[in-house]
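*Asks:* Mind looking over this structure? Questions follow.
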Amino acid sequence: MNAEEIVASPAVDGDLNAEMRRAAKPFSRTTLVLAGLVVLAVAFGGGAWTHAAFGSSSSSTPTRPSGTQAGTQGGQQQGGGFRGAGGRGTTGTVDHVDGTTVYVKTAQGTEVKVSTSDSTTVGVTQQGKLSDLKPGATVVVQGQAGEDGTVTAQAITQQAAR
């Protein structure tokens with residue numbers, strides 16, 4: 001076939017209007033449905049990531065510290081601790097350490113006396129000892145509160161400096 005025959009032959013066999021309508025719709029219904037499903041999956045994944053990064057964890061999460069004081073406000077108690085399934089505890093800064101007793105000052109300024117025992121674990125980025133706790137350090141104490149408000153520590157974890 002030479003160039004003149006190619007130019008002389010019709011570009012489309014059949015109805016040109018039907019060919020133009022088909023060319024104007026580049027996506028089939030199946031493609032559009034699949035694209036919609038991908039958008040929904042991405043939105044769900046983005047929401048899950050956002051919740052994990054910025055959302056609050058549930059009170060039954062065992063890694064969340066537990067509180068010693070009554071009066072909950074949005075999951076955090078007025079005493080500076082949290083109430084959860086893993087017992088009671090407190091959060092604050094180390095005021096001072098006296099023997100086996102740690103005095104923790106909560107964000108509200110309340111001092112909480114924390115008693116420890118040989119079974120109390122102390123974490124300071126790595127496993128530590130009571131002598132590793134320094135005044136001004138932020139700690140999370142997990143344990144049971146006694147009648148007098150003294151917490152018997154099961155674990156004390158020093159938080160990273162901010």
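*Asks:* Please find the FRET efficiency linking residue 50 to residue 160, where r is the Cβ-Cβ separation and R0 is fixed at 30 Å, and quote it to the nearest 0.05.
*Replies:* 0.80
*Asks:* Taking amide H positions as placed in the peptide plane 1.01 Å from N, state which residues far from residue 137 in sequence (5 or more) or on other chains have amide H under 5 Å from it.
*Replies:* Sorted by chain and number, the residues that satisfy this are 94.
*Asks:* Can you list the residues, at least 5 places off or on another chain, whose amide H is less than 5 Å from the amide H of residue 89, using H built in the peptide plane?
*Replies:* 66, 67, 68, 82, 143
*Asks:* Also: Using R₀ = 41 Å, calculate the FRET efficiency as 1/(1 + (r/R₀)^6) where r is the Cβ-Cβ separation of residue 29 and residue 5; round to 0.05.
*Replies:* 0.60
*Asks:* If DNA, RNA and ligands are ignored and the probe is 1.4 Å, what is the ranking of 6, 156 by accessible area, most exposed first?
*Replies:* Largest accessible area first, the list is 6, 156.
*Asks:* Run down the aspartates and glutamates and flag those whose C-alpha is under 15 Å from the C-alpha of residue 113, throwing out any fewer than 8 positions away in its chain.
*Replies:* Straight-line reach from residue 113, under 15 Å: 95, 98, 147, 148.
The values are calculated or read from the model by the stated rules, or taken from the named source; none is laboratory data. What you see is a predicted model, and the numbers here were worked out from it, not measured in a lab. Methodologically, a virtual Cβ is constructed for each residue, glycine included, from the backbone with ideal geometry; neighbour enumeration extends over all protein chains shown. Note: accessible area is taken over every heavy atom of the protein model, side chains too, but ligands, DNA and RNA are not part of it. Shrake-Rupley method; radii C 1.70, N 1.55, O 1.52, S 1.80 Å.
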